[in-house]
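The values are calculated or read from the model by the stated rules, or taken from the named source; none is laboratory data. Keep in mind the model is a prediction, meaning the values are calculated, not measured. Cβ atoms come from the backbone with ideal geometry, glycine included; neighbour counts cover every protein chain shown.
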Amino acid sequence: MKTLNSTTEKLVKATERLLQKLEEERALSRKNIEDKIGRIRDLEAQVEKLNLELSEEKESSKNLHISKTKNQSQDTDALSAQNIDALVEEIDACLNLLKI
């Protein structure tokens, strides 16, 4: 009977140690999961921030392209005005020569 009690006590202690280890592993597993969820949220926030920056850069690039096109159009208009002025001056010079 003494051996039976001793064996039972050993089994109970071993079971208690196993349960304690199981609880420790579960707690560690929960902490790891929480850490990973936190990391995922951080990465999602970074992705969102980068997407926003990318959108802003695309918009800025569009605006720059539109502005550049307008400036080129204004330069062309200015050149056309200069050409017209030069032609008018040549015509005036020709008319003055004809009056002589």
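Using the structure shown, decide if Leu22 is in a helix (DSSP H, G or I) and exposed (fewer than 10 other Cβ atoms within 10 Å of the Cβ). No, not satisfied.
With the structure loaded, tell me whether Asp92 is modelled with pLDDT of 90 or more, on the phi < 0 side of the Ramachandran plot and not polar (S, T, N, Q) or whether it fails that test. Spelling it out, it is not the case that Asp92 is modelled with pLDDT of 90 or more, on the phi < 0 side of the Ramachandran plot and not polar (S, T, N, Q).
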